[in-house]
Amino acid sequence: MKDRLSAFYWLHETQFAQISSNLITSQRRKAIDIFETEGFPTVRNEDWKYTSLKKLIAPNYVLPSPFASFDEEEQVEYKDIKKFLVNDIDCYQVVFINGRYSSWLSQTTHSKYDICTLGSAWKKYPKIVEENFNKLTKDDGPLVQLNTALAWEGLYVNVPKNIVVEKPIQVLYFTTGSTPVFNQTRSLVILAEGSSAEIIERHHSLTNHETWTNAVDEIQIGSNSSIHWVKLQHDSPQASLTQHSKINQEKDSKAIVHTISTGGKFIRNNLDFSLSGPGAEAHMFGLTLGNDRQLVDHHTRVDHIAPNCSSHETYKGIYDDYSKGVFNGKIYVHTDAQKTAAYQQNNNLILSEKASIDTKPQLEIYADDVKCSHGCTVGQLDEDALFYLRARGIRLKEAKALLMLAFANDAISDIQHPSLRVKLSQLIGRKLGVDMSTVL
Amino acid sequence: MLEIVNLHASIDDNVILNGINLKVNLGEVHAIMGPNGSGKSTLSNVIAGHDGYDIISGDILFDGESVLDFPPEKRAHLGLFLSFQYPIEIPGVTVSNFIKTALNEIRNARGEEPLAASPMLKMMRDKMKVLEMDKGFLSRSLNEGFSGGEKKRNEIFQMAMLEPKIAILDETDSGLDIDALRIVANGVNSLRSKENTFIIITHYQRLLDYIIPDFVHVLFNGRIVKSGGKELALELEKRGYDWIKKEQE
């Protein structure tokens, strides 16, 4: 697999050079070199101790590229994807099919701000892309390097100073076809000073074949700006996702990221914040519902670089059947980051004997005037709470689902759109085998 | 309506109930009093079907039918309600949605159609008025951040909505100030009818100043050792439980 990927790069290098500037090409080459040297991470690597990529890299994936001709099988119509859209909120919409931008399913804009695709930004805004691309990711691990080398499409957002993006940006990555597919998606989001945007992101496979999306996001948040980003990871049972999201925050900026992982086969999230301007505030919420043989691995890292920043992290997980969870939350308080406030919480429910969670907080603190706390719990549903609900006439299965929703509530209550919250609750209900429409 | 026959029950091999006999008919209000540790809460939990207890022997009958094998929800469907001493907090589920869910689960089990939204809301508003509850209550998360009094009032509100045939009030008076006590008692009194029955479990007599019982039973060491009319409660208030303990020794 590793050799095929690097061969793919070298075979197409001249073509890659045509879609982006020379600077980017040299970065691609550096990245493929690192990938070739390091290869896929193994469980001997501390960051991958609990999560083996062995099975994920086994299938004989097809690698979609801008250089291959458009395949009939990739044809997707509105009716095929309608149910994956958040329809009742007016949104910008950026849709990709096997990494290729689908203009007829999308609604982009260049009027007050740019909401479009990286594929077009390479050409249209080479300077801005050069200034920002690979800035946050150049020292990352081999999966990120692989993406840097091979990525050609993804979301591009650039919001100028003091502008608010009026409606949410819905970005959808679909995978389809009659073979296993391995996609690299790459997004670049730049919010200038005093601006704000909201992104709802979803990856979904439309095929029964194995799919793997290796996504990388770089997000630059200027001073006094804010972003709210909701990641819906509710993919089909054959779909896998590895995603590295890197967020840099300047002075007094605010970021809220919700990661809702309720579907898919294998999910690995790396969510990293650099709080580089004083007063920056990062909020992370995670909700994981695992069943069957799902694996969901959350690695988060917050670098408190500047003073007076705060980070708040709440991750909840419910694991059933043979599912497996990993939570690794790292908080790194640098020497100058005095008056840091960092809070981390990871709570888990284990519903079956074969399900498991490995949870590990990691705090490294090099400043002396900081407030940090962390806590993790692993438990079962509270029997007394179940009795209370059942004594009100609520059947066991419904009672369990209600308690799980209550447990999960913290992780979704800050999502702004009531309709999205309701949709999520219903989705969670369906996952738990219960009709939640009457409850919420 | 409810009959408890020579009931013995234990938890973790500790026998708590030691041969309880009690018969409750429709239209009656029974008070069960007793010192701490006499088995009052165990009795209410066992009647409601908590599965943390082992039933050693004896029976619990609703309308002549044994319910020992029924899970708690089925007992609720038959018309049993337990007002909890310590109601559970359920963040993210509003009071109104919780009651709607419970009520429609019960209706569904009885083969009735779910109650539509507007009659449901009207019913809620009517009942809330009796309990002097604020409308904003409905949209709060169930019991989350409620004061002790609000929790108890919420229990009685649920009872009013679910219209049980047998309602057990477990230490409903604990943690209530005198005003809340009066409101809760008014709520209960407004629900009293020939079609239902109440079992009031309490340590103190003061709730019984407001809800006048037909019968008072004294529970001690897992058995009902004395039964009488409402004057028994007054006697207990005056003399405490020591004389009962002495009588038993």
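Okay, residues lined up against (1) within 17 Å of the chain's Cα centre (by Cα); (2) closer than 25 Å to B:N14 by Cα; (3) not basic (K, R):
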position: B:L181; (1), (2), (3): yes, no, yes
position: B:I201; (1), (2), (3): yes, yes, yes
position: B:N221; (1), (2), (3): no, yes, yes
position: B:K246; (1), (2), (3): no, yes, no
Selection count, segment B:114-132, where residues are in contact with a Lys or Arg (Cβ under 8 Å, 6 or more places away or on another chain) and at pLDDT 90 or above: 5
Subset of segment B:177-194 [crowded, with 17+ Cβ neighbours inside 10 Å and either small (G, A, S) or within 18 Å of B:S41 (Cα to Cα) (or both)]: B:A180, B:A185, B:G187
Matching entry among A:F273, A:F327 (being under 14 Å from the mean Cα position of the chain (by Cα) and not small (G, A, S)): A:F273
Qualifying residue in segment A:147-158 (condition: without any contact (Cβ under 8 Å) to a residue 40 or more places away in the chain and not in a loop (DSSP other than H, G, I, E, B)): no
Breaking point among (1) modelled with pLDDT of 90 or more; (2) within 22 Å of B:I32 (Cα to Cα), for B:D173: (1)
Residue within segment B:1-16 that is under 23 Å from A:I394 (Cα atoms), touching a residue at least 12 places away in the same chain (Cβ under 8 Å) and not small (G, A, S) present: yes
Test: residue in segment A:182-204 that is within 15 Å of A:Q27 (Cα to Cα), in the same structural domain as A:F84 (by TED's automatic domain parsing), surrounded by fewer than 21 Cβ atoms within 10 Å (Cβ to Cβ) and out of contact with any helix residue (DSSP H, G or I) (no Cβ under 9 Å at 6 or more places or on another chain): no
Enumeration of residues in segment A:109-146 that are over 27 Å from A:K2 (Cα atoms), in a loop (DSSP other than H, G, I, E, B) and out of contact with any helix residue (DSSP H, G or I) (no Cβ under 9 Å at 6 or more places or on another chain): A:S111, A:K112, A:Y113, A:Y125
Criterion violated by B:S41 - all others in (1) in contact with a strand residue (DSSP E or B) (Cβ under 9 Å, 6 or more places away or on another chain); (2) open to solvent by less than 30 Å² (accessible area, probe 1.4 Å); (3) more than 10 Å from chain A (Cβ to nearest Cβ) satisfied: (2)
Within segment A:374-402, tally of residues that are over 27 Å from B:K165 (Cβ atoms) and at the interface with chain B (Cβ under 8 Å from one of its Cβ atoms): 1
Among residues of segment A:403-440, those that are within 11 Å of chain B (Cβ to nearest Cβ), charged (D, E, K, R) and more than 26 Å from A:E166 (Cα to Cα), counted: 2
Residue identified as touching a residue at least 24 places away in the same chain (Cβ under 8 Å), out of contact with any Phe, Trp or Tyr (no Cβ under 7 Å at 6 or more places or on another chain) and not β-branched (V, I, T) among A:S425, A:S419: A:S419
Qualifying residue in segment B:154-170 (condition: surrounded by fewer than 14 Cβ atoms within 10 Å (Cβ to Cβ) and in a helix (DSSP H, G or I)): no
Flag for A:T51 being farther than 29 Å from A:H209 by Cβ, of a type in the set (V, I, T) and at pLDDT 90 or above: no
Checklist (1) surrounded by fewer than 16 Cβ atoms within 10 Å (Cβ to Cβ); (2) more than 21 Å from A:P126 (Cα to Cα); (3) touching a Pro at 6+ places or on another chain (Cβ under 9 Å) applied to A:F35, failing item: (1)
Positions within segment B:89-115 being of a type in the set (D, E, K, R) and in contact (Cβ under 8 Å) with a residue 40 or more places away in the chain, in sequence order: B:E89
Checking B:P213 against (1) without any contact (Cβ under 8 Å) to a residue 40 or more places away in the chain; (2) under 22 Å from B:N21 (Cβ atoms); (3) under 16 Å from the mean Cα position of the chain (by Cα), the condition it does not meet: (1)
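Rundown of residues vs (1) open to solvent by 10 Å² or more (accessible area, probe 1.4 Å); (2) under 16 Å from A:R293 (Cα atoms), yes/no style:
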residue	(1), (2)
A:W212	no, no
A:A215	no, no
A:I221	no, no
A:I227	no, no
A:K231	no, no
A:D235	yes, yes
A:Q243	no, no
A:H258	no, no
A:S261	no, yes
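The values are calculated or read from the model by the stated rules, or taken from the named source; none is laboratory data. Nothing here was measured: the structure is a model prediction, and the numbers come from that model. Counting neighbours? That spans all protein chains shown, and the Cβs are built from the backbone with ideal geometry, glycine included. Each accessible area value is taken on the protein alone, full model and side chains, heavy atoms only, with ligands, DNA and RNA left out. Shrake-Rupley method; radii C 1.70, N 1.55, O 1.52, S 1.80 Å.
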